[in-house]
Amino acid sequence: MRMVLTQELEVWRAEIREFLDTELLKENAFNPEFDDAPEQWAIAVEFSKKIAAKGWIGLTWPEEYGGKGLTPVANQILLEELYAADAPLINSVGIFLAAGTILVGGSEEQKKRLLPDIANMRTLWAEGLTEPEAGSDLGSLQTKAVREGDEWVITGQKAFTSWGPMSDVLYVAARTATDVASSNAISIFVVDLRSPGVTLHPMRNYGGGVQSSTYLDHVRVPKTSLIGEEGKGWQYIMRAFYASGTVEPIYAMQESRLRDLIAHCKTVEGKLDDPHVQADLAELAGIIQTQRLMAYEIIGNNANGRKTPWDGGIQQIAAKEYEPLFAQIYDRVLGPTSQLRSGSSYAPLNGKPEAWYRQSFANHAGGTSQLKRMVLATRGLGLAR
Ligand SMILES: Cc1cc2nc3c(=O)[nH]c(=O)nc-3n(C[C@H](O)[C@H](O)[C@H](O)COP(=O)(O)OP(=O)(O)OC[C@H]3O[C@@H](n4cnc5c(N)ncnc54)[C@H](O)[C@@H]3O)c2cc1C
């Protein structure tokens, strides 16, 4: 199979590269999921506002909601370039999960009110799905929302909330009924994180990022905080993850890391002549290209209204499992110094591989690979639950 971009898309890619060359200094390239010290966060906010000012946040959304009405392929190219450059784009929860939910389920009024604020980076969202007893099994979540007059009263505990202290609002999945199946009992709310009754307890993970335990104690929100219809939250969450029609291009980030690795190996005499090193580098290239092809299969199918075999589940499993494998092979090529942290004069590539290795295991967000296998078996292969 040969993938060729149209002339128009090549011009688009060149435009993004030019923007990144001008607006992103090398030292400002980092992943705000793991590097979120206040000075880094300030850089990430400033950079993300520049992306927003270009109108590139909601590239595939209709123009009346702050988008550009472009194709998922155009959006994929943008994301590939951002990932390849390690560009610190923030608000992924707003851009993907929240906007996806609003687009598939929100009322016209909500689309006009909430989406432009995401497109302009005025509202930063955190995600409140997981709970202490409801991670993979999200349907067993216990946070409750009870209607009282013109308000909803929300009580419960959320776990692993990324970017909580830096965000404005929380995307909350809460139970609004107890006597029906979870698929009809969960609703989605937008909750101001400064509301009385909201408390965040941040904890640092081994990848370097911060997640919070989020406590919601009788938090009162106006009835307009319910996104879409009551009881449809489950369907919205499932559809929102696919609403942009794109696939997270981890392969683009890995490709740029592979280029750095080859450049580094060239500085070590004889390294690239070692057949083991050559085999490992070839394997890394294979991991990258496999994911790229799977991503474009899904994007092409989405764009043409076709179903991807097994609901595209294999791509999700591969992306999750290739991340640590990629890091391990990468470190094997570098040798023992790959485990030295930045700051050590012996650490190759400024110690970044050491951090990448740790971060490669913090990839549970959006569901673990074991869970994705269960979904592939039941939904993709149609096997019994
Ligand atoms: C870095 C990071 C950031 C995150 N950010 C957020 C966030 O912003 N907002 C949010 O809501 N959540 C967030 N999460 C939570 C994430 O979505 C959950 O960790 C994930 O859904 C798994 O849930 P759990 O941790 O409760 O594990 P569990 O569901 O308890 O699973 C534990 C283990 O059992 C396995 N397992 C569970 N069920 C099955 C099954 N049926 N078959 C086979 N194996 C199974 C899992 O694969 C896993 O290995 C984040 C997690 C991480 C690590």
For 125, 310, ascending order of other Cβ atoms within 10 Å (fewest first) is 310, 125
So residue 148 and residue 13, fully extended at 0.36 nm per residue minus their Cα-Cα distance, gain in nm 43.5 nm
Length-normalised contact order of segment 250-380, Cα under 8 Å, at least 6 apart, in percent, tallies to 25
Quick calc: nm separation of the 7 Å Cα→Cβ label points for residue 278 and residue 358 -> 3.6
Simple SL model, points at 7 angstrom along Cα→Cβ for residue 42 and residue 215; separation in nm is 3.2
Relative contact order of segment 1-115 (C-alpha contacts under 8 Å, at least 6 apart) in percent is 27
Once the in-chain neighbours fewer than 8 apart are removed, the lysines whose Cα is under 17 Å from residue 49 read 68
CD proxy, 222 nm, the chain: helix-only mean residue ellipticity via -39,500 (n - 2.57) per DSSP H run with n ≥ 4, per residue, nearest 500, stands at -13000 deg cm²/dmol
Gyration tensor (Cα only) of segment 7-90 to equivalent ellipsoid, semi-axes in Å sorted down, yields 23, 15, 10
With segment 125-240 reduced to its Cα atoms and the Debye formula applied, log10 I(q)/I(0) at q = 0.12, 0.16 1/Å amounts to -0.38, -0.68
The whole-number value in µm²/s of the Stokes-Einstein translational diffusion coefficient for segment 234-298, with Rh from the Kirkwood sum over alpha carbon pairs at 37 °C and 0.692 mPa s, is 235
Expected sort for 197-208, 357-368 on mean C-beta neighbours within 10 Å, highest first, is 357-368, 197-208
Each label sits 7 Å from Cα toward the beta-carbon; between residue 5 and residue 224 the label points are separated, in nm, by 4.1
At R0 = 56 Å the Cβ-Cβ FRET efficiency linking residue 242 and residue 267, nearest 0.05, sits at 0.85
In whole Å, largest first, the alpha carbons of the chain cover along the principal axes 74, 48, 45
Of 291-299, 47-55, ordering from highest average Cβ density within 10 Å down gives 291-299, 47-55
Once residue 25 and residue 137 are pulled to full extension, the length gained, defined as 0.36 nm per residue separation minus their Cα-Cα distance, is 36.2 nm
In this structure, the FRET efficiency calculated for residue 339 and residue 289 from their beta-carbon separation, with R0 = 30 Å, to the nearest 0.05, is 0.60
Farthest towards the positive end of the dipole of the chain, among 363, 294, 236 and with Cβ unit charges of +1 on Lys and Arg and -1 on Asp and Glu, lies the Cα of 236
The rounded separation in angstrom of the Cα centers of segment 147-206 and segment 68-116 is 21
Quick calc, the chain, dipole around Cα centre from Cβ unit charges on Lys, Arg (+) and Asp, Glu (-), nearest 20 debye, gives 620
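None of the figures in this text is laboratory data; all of them are computed from the coordinates on show. From a predicted model like this one, the values you see are computed outputs, not experimental measurements. Reconstructed Cβ throughout: ideal geometry from the backbone, glycine too, with neighbour counts over all protein chains shown.
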